[in-house]
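Notes for the one structure printed next.
The values are calculated or read from the model by the stated rules, or taken from the named source; none is laboratory data. As the structure is a prediction and not an experimental result, all values here were calculated from the model. Because the Cβ atoms are built from the backbone with ideal geometry, glycine has one as well, and the counts that use them run over all protein chains shown. Remember, those area values only see protein heavy atoms, side chains included, never the ligands or the DNA or RNA. Shrake-Rupley method; radii C 1.70, N 1.55, O 1.52, S 1.80 Å.
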Amino acid sequence: MERTMRTPIIAGNWKLNKTVSEAIALTTALKASVVDVNGVEIIVAPPFTALAAVSDVITDSNIRLSAQDVYSEDSGAFTGEVSAPMLKDVGCDYVIIGHSERRQYFGETNESVNQKVKAALAHGLKPIICVGELLEEREAGRTEAVIEDHVTGGIASLAAAELLSCVIAYEPVWAIGTGKTATPDQAQEVHNFIRGLLAKLSSAEVASQIRIQYGGSVKPENASELMAQPDVDGALVGGASLEAESFAQIVKFDS
Ligand code: 13P
């Protein structure tokens, strides 16, 4: 299937940034900058505290809301956690799951990722499942083994229809926040590997429809060459999503 059959998906992961008032200002400016954009799915992922305010700002706009994490249980004695029904209620359509920062600093594992993915899907949230190798794993020639482990673990026992609601984000850890972007060829190579793996784990038909984003130092200057790769369907943007102008330029990668 041609890339043109998959709607490009550009998401801004704000990480631990933006107070509520800053989030409103950023989203208001972004909304004005991308008002004329069609044919690209635009997503912002503010911190939990700003989700409700951002949700209000983007009502009736072409911007969709994502959370940065979710807990696997719906409710109960789990102090500090936020559940899928709560995210749905505040207006989220998407949720980022298994970001490398959560794997690195907060003990996220393939098993917890898989439980969170299932909880998200059960409540109509689309998971953006992050996978990616460390620099030492790449240098040891283990990139494909690590990606296979993350993808296989993350989507374990999902039905084909559930898989179609998922987005995979390939984020090489060495490219995150380092200014060291993967080359378009490096990104394409891994994206192509992921699509082949999805075909094996599910079917060629499903694999051809799932969108695979690239993340890691995506900037206005490199977005269009990355997006020109046949298996790169979108971007998961960190630093450059914290300013409306740079994120809007990435959203407009093909204009
Ligand atoms: P940077 O764009 O800041 O490298 O972050 C990428 C990322 O981790 C998005 O989730």
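Would you call ASN192 open to solvent by 10 Å² or more (accessible area, probe 1.4 Å), more than 15 Å from the chain's Cα centre (by Cα) and within 15 Å of the ligand (Cβ to nearest atom)?
Details: open to solvent by 10 Å² or more (accessible area, probe 1.4 Å): yes; more than 15 Å from the chain's Cα centre (by Cα): yes; within 15 Å of the ligand (Cβ to nearest atom): no.
For ASN192, the condition - open to solvent by 10 Å² or more (accessible area, probe 1.4 Å), more than 15 Å from the chain's Cα centre (by Cα) and within 15 Å of the ligand (Cβ to nearest atom) - is not met.
Working only within the stretch 207-226, note down all residues that are in contact with a strand residue (DSSP E or B) (Cβ under 7 Å, 6 or more places away or on another chain) and aliphatic (A, V, I, L, M). Break it down stepwise before answering.
Pass one, the stretch 207-226, residues in contact with a strand residue (DSSP E or B) (Cβ under 7 Å, 6 or more places away or on another chain): 210-215, 218, 223, 226.
Passing the criteria: ILE210, ILE212, VAL218, ALA223, LEU226.
Could you identify the single residue in PRO172, PRO127 that is within 16 Å of the ligand (Cβ to nearest atom) and either farther than 19 Å from PRO230 by Cα or more than 16 Å from the chain's Cα centre (by Cα) (or both)? Explain how you work it out, then say what you get.
On the way: PRO172 fails: either farther than 19 Å from PRO230 by Cα or more than 16 Å from the chain's Cα centre (by Cα) (or both).
So the residue among PRO172, PRO127 that is within 16 Å of the ligand (Cβ to nearest atom) and either farther than 19 Å from PRO230 by Cα or more than 16 Å from the chain's Cα centre (by Cα) (or both) is PRO127.
Just name the residue that is nearest to GLY80 (Cα to Cα) out of those in the stretch 41-54 that are in contact (Cβ under 8 Å) with a residue 40 or more places away in the chain and under 14 Å from the mean Cα position of the chain (by Cα). Among those that are in contact (Cβ under 8 Å) with a residue 40 or more places away in the chain and under 14 Å from the mean Cα position of the chain (by Cα), it is ALA45.
Among the residues of the stretch 210-226, write down those that are touching a residue at least 24 places away in the same chain (Cβ under 8 Å) and within 13 Å of the ligand (Cβ to nearest atom). Walk me through how you get there before you give the answer.
The first filter runs over the stretch 210-226 and keeps only residues touching a residue at least 24 places away in the same chain (Cβ under 8 Å), leaving 210-220, 222-226.
Answer for the stretch 210-226, where residues must be touching a residue at least 24 places away in the same chain (Cβ under 8 Å) and within 13 Å of the ligand (Cβ to nearest atom): GLN213, TYR214, GLY215, GLY216, SER217, VAL218, LYS219, PRO220, ASN222, ALA223, LEU226.
Out of ALA182, ALA156, ALA169, ALA187, report the one residue that is crowded, with 23+ Cβ neighbours inside 10 Å, part of a loop (DSSP other than H, G, I, E, B) and of a type in the set (Gly, Ala, Ser).
Working: ALA156 fails: crowded, with 23+ Cβ neighbours inside 10 Å; ALA169 fails: part of a loop (DSSP other than H, G, I, E, B); ALA187 fails: part of a loop (DSSP other than H, G, I, E, B).
On inspection, the qualifying residue turns out to be ALA182.
Exactly one residue out of ASN38, ASN13, ASN17 is within 16 Å of the ligand (Cβ to nearest atom), of a type in the set (S, T, N, Q) and surrounded by fewer than 20 Cβ atoms within 10 Å (Cβ to Cβ), and it is ASN17. Across the stretch 230-255, the qualifying residues are those that are assigned to a helix (DSSP H, G or I) and under 15 Å from the mean Cα position of the chain (by Cα), and the one among them that is farthest from the ligand (Cβ to nearest atom) is VAL251. Under the condition of being surrounded by 16 or more Cβ atoms within 10 Å (Cβ to Cβ) and part of a loop (DSSP other than H, G, I, E, B), the residues counted in the stretch 134-148 number 1.
Residues are listed down the side, and each one gets a yes or a no for (1) of a type in the set (A, V, I, L, M, F, W, C); (2) touching a Pro at 6+ places or on another chain (Cβ under 8 Å):
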site	(1), (2)
VAL151	yes, no
LEU158	yes, no
LEU164	yes, no
THR181	no, no
ALA199	yes, no
GLN209	no, no
GLN213	no, no
GLY216	no, yes
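For ARG102, the requirement of being open to solvent by 60 Å² or more (accessible area, probe 1.4 Å) and more than 19 Å from GLN213 (Cβ to Cβ) is not met.
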